[in-house]
Structure formats: structure tokens, C-alpha cells
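The values are calculated or read from the model by the stated rules, or taken from the named source; none is laboratory data. The shown structure was predicted, so the numbers you read here are calculated from the model rather than taken from an experiment. In this analysis, Cβ positions are derived from the backbone assuming ideal geometry, glycine residues included, and neighbour counts consider all displayed protein chains.
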Amino acid sequence: MTAAGFLRAILAATLLLAGSGAGLVASAAGPAVDAARSGPCVEDPAVMRRSHMDFLKHDRDDTVRRGIRGIKHSLSACVDCHASKADGRVLGSEKHFCQGCHTYAAVKVDCFDCHASTARPSATAAAAAPGRTR
Amino acid sequence: METRSARRAFWTLLAAGGAVLAVALGAAHYMEVHGHAVTGMNNQVVWGLPHVFAIFLIVAASGALNVASIGSVFGESDYKPHAPLSVLLTVALLAGGLMVLVLDLGRPERLVVAATHYNFRSIFAWNMILYNGLFAICALYLWALLERRLGRFARPVGLAAFAWRVILTTGTGSIFGFLVARQAYASGVIAPLFIALSLAWGLAIFHLAQWGLARLAGREPMDAELHARVRRLLAIFVIAALYFVAVHHLTNLYWAKQVAFERFILVSGAPYPALFWAGYVVLGSLVPLVLLFHPRLSGARATAAASVLVALGALAFLYVFIVGGQAFPLEIFPGYEAASTFGDGRADGYSPSLPEFLLGLGGLAASFLIALAGARALPILAPAKVAIAAPAPAK
Amino acid sequence: MNPVDKRRREFFGQAAAIAGAMIAPGLMLYEYAQAGDGAARPRAPGEPVNSKVRWGMLIDTTKCAPGCRDCVDACNRENGLPGTTRATDSQWIRKVDLKDLKTGKAVSLPVLCQHCAEPPCVDVCPTGASFKREDGIVLVDRHTCIGCRYCMMACPYKARSFVHENTTGQSPDVPRGKGCVESCTLCVHKVDKGGTPSCVEACAAAGHQAIVFGDLNDPSSEISKRVRAAATTQLRADLRTDNGVRYQGL
């Protein structure tokens, strides 16, 4: 690919992504997901949609390398809260929280190659209670 | 002017190499999808056949530069017309070796992590810098050799390439030499041993490529007098490598704590002793020496045969060195006999699977393709006048 | 992956490569301040681990029963390991049976990551994925492990395993997946919350009490007292890796 072609491709990719992001917020035809809990997330949903991966990446280093537990943006907390009421998972079909949105946005999610995609039993049991204390 | 048959031969070889490479990439994909469980590698023998091929190619890459170095650094002008091929082979072999190494990773898609996270205490991380640096230096070197106006830069760049590749092979040897805990490695002699091996293996590959490309172009490979010199050089390098291998083993034999390991590798731990003695020592070193020194066998074909044997001996040597070195159990409890579910105290088997063998072959194919395509695209072969000046001696 | 996504990834990869090349030398200069001595106080939430603590284990081989695998089973349960013992299966802790070649004396003991102060696996790791926490726990950061297995070549204790297959049934606290190297974490997810590694608990529950876990830097801890009172050994002491795991009766 020539340098100009490469730049054009980047530009096109950026526009496309921005378009799909805007669609996600505005359009009612977004992914219909089945998440267990209602109540507020750890950040504003619009912020989470845009930046959850950055939060996760920042806090993962705090936990893995510096041993800080109970952090605000923890992947297992995402799973506990957003797991499906039916089977306690965030993956499996396009109804599931993580998979539904990632399929819609066409972004590969590889967290769950290693991380459990199933909520803790205790989290599912407490699913009726709204919100989280963490 | 290229003949029709030469053109056809070129495309046939290119297609054959491409087919092997395609199969290898398929094998690598299969390994990535299913995990290393589909290879023979396990928690005891963590590096297997892919590493045998990869280390062979990377070590040979450094040695392939010999002919160019002799021309540029040591000022032997007879060698200079052959320098471009020498440098091209270095690039081709290095690329093939690195391809195998990368595709064998557990997470090959994380190559960008390897490129952005460096642990400077790791000789492996240093090697990544050294490998990429050699690519850059060789590109400049080739440019200086092929572009008449840049001819005056050939010597300084050649000098840099020479120094760089000595450091690089020291680094490759040190991947093993620095493994303080393992009986098979942990030795300062492994770095010079690898340099001696690289000189021999790289020159053998050079001979083969030179011979094959000349045949493809339908001409004599090399000026007869120069050919005789390069033959002798290959023999000397094979002897040098044997010497370092002998020193390594003799040193170990003198240490009581290493005797069990040496007995395993040299006598009892089948299949490694057979591969070492029959494969590396006899077929890979002694027979080539006979072929190279025998007065009646002075033709290019004998040299090519010797070179093939040196390369096969190299693979046998590395199999013993890498796989055999890991198969011998780590000695964690000196003075005790140990047993566990995790292979303690027991020499574990390793039977390579087809996918990992194909991946290794794919490295050879990638190198072959780069060399073949490079030799066609660039004026790599020595100018024809060399061949004219030296009418063909007895073949 | 769709083409747009791929192009975007390539771009970020290249940008990251350039950024990495500029930042890396700066990181080299960064050094951790060494903390003073004295007993550790419990960590406040949000406070990073520090080198006032050095977690360690003392394994009394005279109390370890041959044939008992309670520590191994507990480890497998806690960390979501399959517990099978093919050559490609992960084993974070294993029972080793020893026989003295001269006297025939038999010893049984568990071997796990020795959590060295000078860990060879950390030295050789090209990406820094293999690292030692300030409190002495040696871990693999699976986010940056590329699966080269050089750490397995370097480990003197054969303490590391490579994940050879796809994994299922992971514990939410112990992520693990194909293509990365792993080893005993000293149950870091429990230790960070004031807990004890599962193998230690299982050994105590079985009534053997063969494993003591604690802070080697705290002179008043049980492990420190025991290490002061009795002769202990470190495996491959000749390598001077200064292991956090010590053995008694070997």
C-alpha cells in the first residue's frame, strides 16, 4: 500500500468508526441486550461506551502489578453486573451484554479468552438488588 | 538474456516454494486455533522442532554473510562479485527463521507487544533488536553493493554488518548460554560455538544457493580458483565447529555433576546419541570433510553435496542440542532420585507432530522464496565475465 | 476481523511501537525506592503492595505425608485447573517423591514456584510479562505474555506450565487462557485480601500442618521464627536465587 493509500485508509476507518459510534448512541436499532441488573453503572453510560476499554486497561495494571484490589473498573465486576438473567453469562449470543454490543460494533473482544465470562454465584443470587456498593 | 526454460524453471520453483509456504501457514493457523496441544511440545520439552529450524536459519543467516565480509572487510577483491548474493541470503535466512519463531509463539497476534515492551535484562529482547538491526544494515549493504555511486560506502557498511552479525550470533548462542539452571546449556563456550557453527552453516547455504542459481541461469557457478578457496574455507569452518562442540562436551565430562547428562546425550538417551554421532559428527561433518578435501572430488557438485550434508548435520545437531537438552530432567535435588507427575527425574519423550514439522519447513520455504525472488529482481549473480574468464573445469 | 478493524489495529500497533521506542529508555531509569525494615501493617484499600513485606513459605518435609495430595487438589480447585497430569497439562504445585541415592531415605514434598528474590524467569522474559511484585510474589502478566516459553527454559525448578489448549471454567479471580505461561501465584487474589494460599489451608485442614505461610520480613511472624530456629534449605541454593519457599528436613 502506498503512503497516501494508507492515510486514506486510516481516514476512512476513523470516519466509519465515528459513524458507528454515533449510531450506537442515537439509534434505537442498537443491540438489544439482556443485562441482569438495573441501576447506575460505575460511570455514565455514554462514557462507558466510549472508554470502558481504557478504564479496564488502566485498572488491570493496578491490580496485576501493584496488587490493588476492589478497584472501580474491574472486569469481574462488569461480568457480575451485566450477566444475563437467563444463564449468568456475558457471552453466548447477541442478546448477551458484551457479545451483543461487540458484534454490533464489529470489534473483537478477547478478554474472555482468559477471563471468566460467567458471573460469580453470589452475584447472580443478589441480582435482584439494584446498584452496587463497589 | 534469459532462456525460455530458465524462465519456466524459475516460476516452477517459485510455485513449489509458495505451495510449501502456504501449507506451513495453514499448519501454523491450525496450531494457533487448537493450541500447542496438537504439537509434540509439552511442559518438559517446551521448545521443539520449530525452534530447530528457526535457530538453524538464524544462525546460518549470520554465516551467509561470510563471503561479503571477506570481500568488504578483509579486502579480498575476488570475493566482491559474490557479495550481493551473500547479503541477500542473510536477509532471506533471517526472515525465514524469524517467521517460524513468531508463528510458534503461544500468542503470535501479540507481536506488537513484543515490539513495544522491552525487558532489557533479557537476552531475548536484545536479540529482537539485533535481528531487526541486521535487516536494516543488510538493506543498506545491499544498496551500497549494487548502486555504483554508493560503492565507497560498501566497506564501512560491510564492517558494521560484520561486527553486528558477530554480536548477533553471540546473542543467539547466549539465549542458551545464559540459562544458568540447565545442565545442557549454562556455558560461556556456547556463544563462540554458535559463531563457529554459523560460519560453517552459512557458507554451506551460500554454496548451495550459488550452485543452484548458476544452474538456473545456465552457467558455471564460480571462478575455479575462487571455488577451490571457498571449498577449503567451508572445510575449515566445519572443523572449527567440531572443535568447539568437542570442547563443550569435554568440559562437561570433567565435571562430576554433568556426567549423567553427557552420558544421556552421547551414549544412552536414544535417539539423541545416534543423531549426534551419525547425524552431526559422521554425516554432517566427517563425510563433508572427505568430499571437500578429496583431490578427485573438486567439482561444484561435490561441494554442493558436502553443503547439503552440512545443513542436514546442522539440523541433527540442533535437535540434539535443543530437544535433547530439555528432555534430560532438570536436576533440582542433587543426590536424590526423584519422581512426580510432572516429569521429575525422568527423561521425557518428545515426538514431533506434522504441523510443527510443516511450520519448520515453511521457514526454509520462506527463505528460499526470498532468495529466489531477490536473485531475479536484483543483479545478484556475479557478472558473467567471471564465468567467461574461467572456463568450466571437470565437473 | 473486518478490514476496517484490521487497519485500525495496524495503525495503533505502529503508533504504539513508536511511542514505546521513545518511552522505554525513560522507564529504565525508574527505580523503586526501597522501604525500611519493621513489621508490615495491613494495606489500606487502594494502596499498592510494597517491599516491606516478603511473602514466603516454609515446607516441613517431615510432616508431609507420602501419597497425600491435598495441597495439589486444593490448588487445582482454587485456580480452576483441570487437575489432569498429561505432559501438556498445567501443574502449579506437584508432589515429588525423593529417595536418597546413598541411604535410601525417602522424602515427600510439594514443589511450586519458589518466588525467588532473583527470579531467572523475570530476567529472561523479553516483554517483562514475567515480573516480581514488590512483596516478592512472582507472577505472569498474561496481558503481555506472548507465549515464547523462555521463562520455562530458565526456571530452575520446573515451576511453570504453558497453557496448551483452550480453557474453560476459569475462576473469576484466576483468569487463564491458551498460549500463555502460568505458575503458582501464591493465591495472590486471596493474599491481597488478607487470606492464605489454598494449599496451606488444605494442608492444615488435613491435620499435617506441613506448610507455614507468612511474611519473611516480619521478625514476629511464625515463618520468621521457624526459619530462625531450625535449619532450612532452599532448592538449588547454589544459584543464589534467594527463594521465598524454604524446606525443612531435606
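Quick one: in region B:79-138, of everything that is among the β-branched types (Val, Ile, Thr) and touching a Ser or Thr at 6+ places or on another chain (Cβ under 8 Å), which residue is farthest from B:LEU381 (Cα to Cα)?
Among those that are among the β-branched types (Val, Ile, Thr) and touching a Ser or Thr at 6+ places or on another chain (Cβ under 8 Å), it is B:VAL113.
Which residue is farthest from the chain's Cα centre (by Cα), if the candidates are limited to region C:27-60 and must be modelled with pLDDT of 80 or more, among the small types (Gly, Ala, Ser) and surrounded by 13 or more Cβ atoms within 10 Å (Cβ to Cβ)?
Restricting to residues being modelled with pLDDT of 80 or more, among the small types (Gly, Ala, Ser) and surrounded by 13 or more Cβ atoms within 10 Å (Cβ to Cβ), the top hit is C:SER51.
Could you please find all residues in region B:109-118 being at the interface with chain C (Cβ under 7 Å from one of its Cβ atoms) and either over 20 Å from C:ALA154 (Cα atoms) or surrounded by fewer than 21 Cβ atoms within 10 Å (Cβ to Cβ) (or both)?
B:ARG110, B:VAL112, B:VAL113, B:ALA115, B:THR116
Just to be sure I understand, how many residues within region B:7-53 are surrounded by fewer than 16 Cβ atoms within 10 Å (Cβ to Cβ) and within 10 Å of chain C (Cβ to nearest Cβ)?
Residues that pass the stated criteria total 2.
Given the conditions (1) closer than 20 Å to C:GLY179 by Cα; (2) part of a helix (DSSP H, G or I), report the number of the one that B:TYR118 does not fulfil.
(2)
Can you tell me which residue within region C:131-159, out of those that are of a type outside the set (Phe, Trp, Tyr), at the interface with chain B (Cβ under 8 Å from one of its Cβ atoms) and within 14 Å of the chain's Cα centre (by Cα), is surrounded by the most Cβ atoms within 10 Å (Cβ to Cβ)?
Applying the filter and picking the extreme gives C:CYS155.
Which ones in region B:256-306 are assigned to a helix (DSSP H, G or I), hydrophobic (A, V, I, L, M, F, W, C) and over 24 Å from the mean Cα position of the chain (by Cα)?
Result: B:ALA256, B:VAL259, B:ALA260, B:PHE261, B:PHE264, B:VAL267.
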